[in-house]
Amino acid sequence: MEITVENAVARFPEFRFREPLSWKMGDGECWAVIGPNGAGKTLFTNHVQGSVALKEGHVRYSAVDGRSIPGGAVRSLFFRDIYSVSCAGNMYYQQRWNSRDAGESPLAASLFEGCGDIAGNEYALLSGVRELTGRRIISLSSGELRKLLIARALMSGPEVLVLDNPFIGLDEESRKVLDAMLSELKDKGRLQTVIVVNRPQDIPEWVDKVLPVMDRELLAPVSRDVFLSDTALQKRLFGMPSSCLPEMSPDGKHLWPLPVRPGDYGYAFELKHVSVKYGGVMILDGVDWSVRKGEHWALTGGNGSGKSTLLSLVCGDNPQAYANDISIFGRKRGSGESIWDIKRRIGYLSPDVHSCYQEDIPCLEVVASGFRDSTGLSHKCTEEQSAAALSWLGIFHAEKLADRSFLRISYGEQRLVLLARAFVKSPEMLVLDEPFHGLDAGKKALAKAIIDEYCSDPEVTLVFVSHYLDEIPSCVDRTMVMKRSTNR
């Protein structure tokens, strides 16, 4: 199959590139589209799919053997598809941890209605998702849900599949399985792929050509090998900002908008023989973990090993905390503290938070909502809080997003705004669950530098989750490894 985009100009200005779009995907080719956050990568693939109304030009699909192209020959899977499923309808963030409300969520099997028999389907078998179909959608980790949706996209029988960062959120083994599957499908002539990536390391070996995108402009396409060897081009796309950290005061400390004010306690949290079960399924089975104030931990483990469930106990979201021996900031859970007493001291970001944060409000208000740990700004901020929110956007080099709607910026830009939200109240503990989802290579380096500098304060505690070892900040010197419960 060939796809030709010729002199395409979107009907509406907000969807246009700097110049009319022209691009061609040859028969059997697989492409990677790469560029910084907000460059226009997703907008370009929307043109490729024919989902953008055109004022001029056209998009054509043709088969080199003369076949007619069926409807749905080009399919896609984007980040927005993930959160539209995970927080569909009236679902809310903490519903996942409330067993009674979670029971209202549909079964994962419902995602495959109309896709045929999943029991013996090769994609379900290769993806390892068949055993997940009997669970509630809301109970799935972000990695498990991503695997399900990738399997569904493959089962739909596309000739060309557009995938937005498909490896993000998957553990190392799942990334290897997916990579091998897509490579095999290409070799057998069964699928062509357009893969959107944010960093050079994620360009698979089976990709034929790389299309760099920057500032809503297509740069010259090159082969994978040429792109990976062109350090000047990579620096042009992802170069670090010239000044990535705030100026320093004479005493050598960074001028964060608000000071960190930790309490008097020895342990940030202590979990003793913690167990969590949902619907007869054991998620955590006798977990012990103690983190002292000022320690910096990496939390690792495969998809579905219980990392997010464990953090929901620490951050006050999971009611099963009261049935376990848990102390947070020196106080035992259930001794009179409220969930808000806990949350006001923690800066938290996770895929679940992002999935359920779908507010059509200015990004400055999104950052400021971190003071109340709310989705949306439920109370008017003080001048000091508004100034702190704007300052943190500046620290993350995202101040230009302050007045833009959160729903009208790219996924990577949204993640940058939510990172600023996690820091805005200068928390004494940071809990960052896969915080770099969707960030380009330059923004990841910037965020890592900010985390390292913030955690240089000996009173700040950090728990950092990632499936990529190279994402873990250098300040981290301890690791907790989660393993899937054997009692499931």
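Data overview
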read-out	value
For segment 386-480, fraction of C-alpha pairs farther apart than 20 Å, in %	34 percent
Residue (of Ser466, Val314, Ala441) at the positive-pole extreme of segment 267-482, dipole from beta-carbon charges	Val314
Dipole of the chain, positive end: most advanced residue of Ile138, Ser174, Gly28 [Cβ charges, Cα centre]	Ile138
Cα gyration tensor of segment 267-482 - equivalent ellipsoid semi-axes, whole Å, descending	28, 19, 17
Leading residue at positive end of dipole, segment 402-441 (Cβ point charges), from Val417, Leu407, Leu432	Leu407
Mean shadow area of the chain, taken as a quarter of the surface of its Cα convex hull (nm²)	23.7 nm²
Rounded to the nearest 20 debye, dipole of the chain from Cβ charges on Lys, Arg, Asp, Glu	640 debye
Segment 126-183 versus segment 293-350: alpha-carbon centroid distance in Å	28 Å
Whichever lysines have a C-alpha closer than 23 Å to that of Lys55, once near sequence neighbours (fewer than 8 apart) are set aside	Lys24, Lys41
Debye, to nearest 20: dipole size of segment 2-238, +1 on Lys, Arg Cβ, -1 on Asp, Glu Cβ	540 debye
Longest to shortest principal axis, alpha-carbon extents of segment 2-238, angstrom	53, 38, 37
Net +/- balance of residues flanking Val465 in space, Cβ distance below 11 Å, scoring K and R +1, D and E -1	-2
Electrostatic dipole magnitude of segment 408-479 [Cβ: Lys, Arg +1; Asp, Glu -1; Cα centre; debye, to 20]	340 debye
Net length gained if the chain between Met282 and Lys332 were fully extended (0.36 nm per residue, minus Cα distance)	15.7 nm
Sum of side-chain charges, Val260 neighbourhood, beta-carbon under 9 Å (Lys, Arg +1; Asp, Glu -1)	-2
Inter-centroid distance (Cα atoms) of segment 8-69 relative to segment 203-220, Å	13 Å
Protection-proxy order for peptides 214-223, 269-278, each taking the mean of Cβ atoms within 10 Å per residue, highest first	269-278, 214-223
Candidate aspartates and glutamates for bridging to Lys235, where Cα separation is under 20 Å - those fewer than 8 sequence places away on the same chain excluded	Asp202, Asp215, Glu217, Asp225, Glu413, Asp440, Asp470, Glu471
Nitroxide proxy distance, nm - points 7 Å out along Cα→Cβ at Trp340 and Arg478	3.1 nm
FRET E, pair Arg18, Asp225, Förster distance 30 Å, beta-carbon r, rounded to 0.05	0.60
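Rule-based calculations on the coordinates, nothing more; no lab input. The structure presented is a predicted model; accordingly, all values stated were derived computationally and were not measured. Note: ideal-geometry Cβ built from the backbone for every residue, glycine included; neighbour counts use all protein chains shown.
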